[in-house]
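FYI, it's all coordinate maths here, none of it is from the lab. What you see is a predicted model; the values in this text were computed from it and never measured. We place every Cβ from the backbone using ideal geometry, glycine too, and count neighbours over all the protein chains shown.
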Amino acid sequence: MRLPIKPLCLLALTSFVALAADAQEPLSADVYPDSRSRLPSLGPEAPTGVDRIIAHGSGGLVRWEFALGRALSELSILATAREWDQPYEWSLHELEALAVGLEPRVIDIVRDRLPLVGISEQEAVIIQTGREIFGDHELSAETYARAESLLGRANLVDIVMLMGEYAEDAVRLIAFNQYMPPGWRQFLPLPFTPPDDIHPDSRSRLPYLRNEIRSESATPSIYGRGLAPEGTGPGQIMRRSRDLETLQASVGSRLVRLANLIAARELGDVYQWTMNQIAAPEDGLEPTVIDIVRQRATVTGLAETDAALIEFGRELLTVHTVSPSTYARVLEIFGEIDLVGFVNVMAKSASDSALLIAFQQQLPAGQEPLL
């Protein structure tokens, strides 16, 4: 969700830091002063934030038409699936990666988180980029410089954008506990045992919807060539999607804002956190709730809707699995359609965070970080 900058006058937020341009830390050496990111400005009328970053890419269908070849685009997807502990995404794309020529030893390095030796420099820097963005929630200046040098600026933007798209799908797959289709082998070792609260036909927590009753929301293009078997995968989840305005009309803008803050906090995204906290009072979100999310404090005493959503988001985005009890709780409170909507909000935040973190997008001049 991309948010406008709201006025800051008269905000009474706990832990609020007063605005002062001269109080901000100086920009890093690899950040352009005009764009306040690692990418130069495209002009005064250019888009801002995530849109500006994407504008530096090729504009093509990265997965299918990546300038450096399909093997490296599939490697980017595998690096993302590994960091998100996402077995469905990993297993389908391991097969795809092998089919387009990615060497098995490279796949083994990603799967087992082995040292980056014995592979090409391009392969190594792509894997390291994924590890840092999703594991550390930052991309070091050294890794960024290597990636831009080895891949080229537009190709690096394309790679991170692709990683963000698959992080978005990983969030959906985790939330609804998508199992492998019957007869498919799972290739990714996990630090947890997946819950078994799934429907046998869809192999997920959502009932199977057949093609003839799918919604207007099309299957995402990155899965558009039939890699995900019918009835499973992110396309199946997205058939229940509503647009953001419909979700806000159903649950209110306050809870949607809370979902954005939960995601920004667990993703370590200072930019998205700050912009959402600035807008939160207009949506009626109380400072005490914001502080609980910021400090990862106990949710005891909060309204049931707030507490359930916070605990759901924490499990989803940090543990990478949602317990049956937590899922059952949010399903009972919000219902299936609105729960898919909340997951979409958090998933979009994960996608945007990959780009904002990789290219070190700074806050507007004069705005102190609030996280």
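Magnitude of the Cβ-charge dipole of region 234-276, K/R +1 and D/E -1, about the Cα centre, nearest 20 debye? Can you show the working numbers first?
Values: 6 positive and 4 negative charges, 35 e Å.
Taking the Cα centre of region 234-276 as origin, the dipole is about 160 debye.
Summing +1 for each Lys or Arg and -1 for each Asp or Glu, what net charge is found among the other residues whose Cβ lies under 15 Å from the Cβ of Pro324?
Working: positive: Arg205, Arg329; negative: Asp196, Asp197, Glu311, Glu315, Glu332.
Here the count lands on -3.
Which far-off residues, 5 or more places away or on another chain, put their amide H under 5 Å from the one on Tyr32, with H placed in the peptide plane?
Ser37, Arg38, Leu39
For region 62-175, what does the alpha-carbon gyration tensor say about shape, rounded, prolate or oblate, given a ≥ b ≥ c as the root eigenvalues, a/c under 1.5 as rounded, and a/b over b/c as prolate? If you can, show how the numbers build up before the last one.
Working: a/c = 1.30, a/b = 1.17, b/c = 1.11.
The shape class here is rounded.
Mind checking which of Thr300, Tyr166, Asn155 is farthest towards the positive end of the chain's charge dipole, using Cβ charges of +1 (Lys, Arg) and -1 (Asp, Glu) about the Cα centre?
Projecting each Cα onto the dipole axis, the largest value belongs to Tyr166.
Name the most mobile residue of Asp352, Asp269, Asp201, meaning the one with the largest mean-square fluctuation, in a Gaussian network model of the chain with Cα contacts below 10 Å.
Asp201
Which one, Leu68, Leu209, Leu114, has the greatest fluctuation when you compute a Gaussian network model over the chain with C-alpha springs under 10 angstrom?
Its mean-square fluctuation being the largest, the pick is Leu114.
What whole-number volume per residue, in cubic angstrom, does the convex hull of the C-alpha atoms of region 110-220 give?
Values: hull volume 16.9 nm³, N = 111.
Per-residue hull volume (Cα only) is 152 Å³.
Note the direction-averaged projected area, equal to a quarter of the hull surface, for the Cα convex hull of the chain, in nm².
So the mean shadow area of the Cα hull is 18.4 nm².
Tally Lys/Arg at +1 and Asp/Glu at -1 over every other residue whose Cβ is under 9 Å from the Cβ of Ile237; what's the total? Don't jump to the answer; show the numbers that get you there.
Numbers: positive: Arg172, Arg239, Arg240; negative: Asp169.
Surrounding charge for Ile237 is +2.
Between region 78-120 and region 278-321, what's the alpha-carbon centroid distance in Å?
34
Give me Glu138, Glu332, Glu123 sorted ascending by neighbouring Cβ count inside 10 Å, so fewest comes first. Before the final figure, lay out each step's value.
Details: Glu138 15, Glu332 11, Glu123 22.
Fewest-to-most ranking of Glu138, Glu332, Glu123: Glu332, Glu138, Glu123.
Please report, to two decimal places, log10 I(q)/I(0) for region 40-97 at q = 0.13, 0.24, 0.28 Å⁻¹ as given by the Debye formula with identical point scatterers on the Cα atoms and no solvent.
-0.47, -0.91, -1.03
Sort Ser351, Ser120, Ser73 so that the residue with the fewest other Cβ atoms within 10 Å of its own Cβ comes first and the one with the most comes last.
Working: Ser351 20, Ser120 13, Ser73 26.
Fewest-to-most ranking of Ser351, Ser120, Ser73: Ser120, Ser351, Ser73.
Based on other C-beta atoms within 10 Å, arrange Tyr271, Tyr144, Tyr32 from fewest to most. Let's see the in-between values first.
Details: Tyr271 24, Tyr144 21, Tyr32 13.
So the residues, fewest neighbours to most, are Tyr32, Tyr144, Tyr271.
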